[in-house]
Amino acid sequence: MIRIFVSCMFLFSSCGAGNNKAAEQLIQETIPFQILLQNTYGGYTDSKFLVIEDNKSLTEVFNLLNKSRYPKLKIPVINFEKEMVIALFLGEKNSGGYAITVEQVLNKNNKVSVFYKVNSPKLGDMVTSVMTQPYSIIKMPKTKNVIVFKSLE
């Protein structure tokens with residue numbers, strides 16, 4: 001009889017622990033963000049995803065964006081004590097019709113996931129025949145959590 005009682009207690013306690021763990025994994029927070037810039041001519045020939053946490057790094061990015069642009073883009077004023085900037089560069093493409101956009105930012109289990117979508121021209125689409133470098137730059141609240149980038153396909 002004692003064995004049955006101990007077995008039942010073990011069974012019930014293990015079921016409860018599993019539910020708590022599942023509930024923990026479901027806790028997530030949507031992080032608000034603001035799109036600062038999104039365009040087709042970004043200057044980066046390679047695909048890069050940058051986490052920018054200071055004015056010096058932000059200035060470097062804007063210097064590259066402004067390299068062959070007139071009028072020059074204004075560098076946004078960012079309070080880096082409270083905010084950070086995320087820049088996604090798709091790299092150089094052989095035509096127009098490409099874009100990269102941030103769709104959502106989630107904080108889950110001390111990890112911030114930046115979900116992005118890449119649009120590509122479909123066969124037969126009319127596009128410009130010029131080299132492009134699509135990019136998207138967002139501002140969001142500062143976090144110390146690890147930031148990962150995830151494609152939505």
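The values are calculated or read from the model by the stated rules, or taken from the named source; none is laboratory data. Note that the structure is a prediction, hence the values are computed from the model and not measured. Here the Cβ is made from the backbone with ideal geometry for all residues, glycine too, and neighbour counts use every protein chain on show.
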| note | Only one of (1) farther than 17 Å from ILE35 by Cα; (2) assigned to a loop (DSSP other than H, G, I, E, B) does not apply to LYS74, and that is (1)
| field | Qualifying positions in segment 58-73 - free of Cβ contacts under 8 Å to residues at least 12 places away in the same chain and surrounded by 15 or more Cβ atoms within 10 Å (Cβ to Cβ) | value | ASN66
| remark: The residue that is modelled with the lowest pLDDT, considering only those in segment 46-72 that are of a type in the set (Lys, Arg) and closer than 26 Å to LYS82 by Cα, is LYS48
| query | Only one of (1) in contact (Cβ under 8 Å) with a residue 40 or more places away in the chain; (2) surrounded by 16 or more Cβ atoms within 10 Å (Cβ to Cβ); (3) out of contact with any helix residue (DSSP H, G or I) (no Cβ under 7 Å at 6 or more places or on another chain) is not met by GLY97, so which one is it? | reply | (1)
| field | Candidates LEU58, LEU36, LEU50, LEU64, filtered to the one that is in a strand (DSSP E or B) and out of contact with any helix residue (DSSP H, G or I) (no Cβ under 8 Å at 6 or more places or on another chain) | value | LEU36
| said: Looking at (1) at pLDDT below 80; (2) part of a helix (DSSP H, G or I); (3) farther than 30 Å from ASN110 by Cβ, which one does GLY43 not meet, given that it meets all the others? | reply: (2)
| query | Being among the small types (Gly, Ala, Ser) and either touching a residue at least 40 places away in the same chain (Cβ under 8 Å) or part of a loop (DSSP other than H, G, I, E, B) (or both), is that true of even one residue in segment 127-142? | reply | yes
